[in-house]
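J.: I'd like to ask you about the structure that follows.
Each reported figure results from applying straightforward, stated rules to the coordinates on display, with no laboratory input. Note that the coordinates shown come from a computational prediction; the quantities given were computed from them, not determined experimentally. Neighbour counts are summed over all protein chains in view; Cβ atoms, including those assigned to glycine, are modelled from backbone coordinates with ideal geometry.
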């Protein structure tokens, strides 16, 4: 059975291949941090799905933190002129979607 939150997180990773390549051309550290945050979202969701009780909630909170970190990294890339807002509209919508899913999963 597919877990929607994980599938959205994987779609975020897929959609960020191009933007992360553009960021990396200007700022390797920011691109690496954004990639680690992206990986963290999916990996924490996957791990949480097999945990129980407080441990599960903790993993979803960590994934939510990584989601916020990724969104901030992408916003910084826009601030520095590495990407245009239009480059990120679809993926930022997915980020908002997974953020909402994680908020519900923590309750």
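J.: For residue 12, state whether it is out of contact with any strand residue (DSSP E or B) (no Cβ under 9 Å at 6 or more places or on another chain), under 16 Å from residue 83 (Cβ atoms) and surrounded by 18 or more Cβ atoms within 10 Å (Cβ to Cβ).
T.: Yes.
J.: Can I ask one more? Hey, could you check the stretch 76-107 for residues that are crowded, with 19+ Cβ neighbours inside 10 Å and not in a helix (DSSP H, G or I) and say which is farthest from the chain's Cα centre (by Cα)?
T.: 82
J.: Could you look through the stretch 63-75, keep only residues that are free of Cβ contacts under 8 Å to residues at least 40 places away in the same chain and surrounded by 18 or more Cβ atoms within 10 Å (Cβ to Cβ), and pick out the one that is farthest from residue 106 (Cα to Cα)?
T.: 71
J.: With the requirement that a residue be within 19 Å of residue 74 (Cβ to Cβ) and not in a helix (DSSP H, G or I), what does the stretch 24-61 give you?
T.: The one that is within 19 Å of residue 74 (Cβ to Cβ) and not in a helix (DSSP H, G or I): 27.
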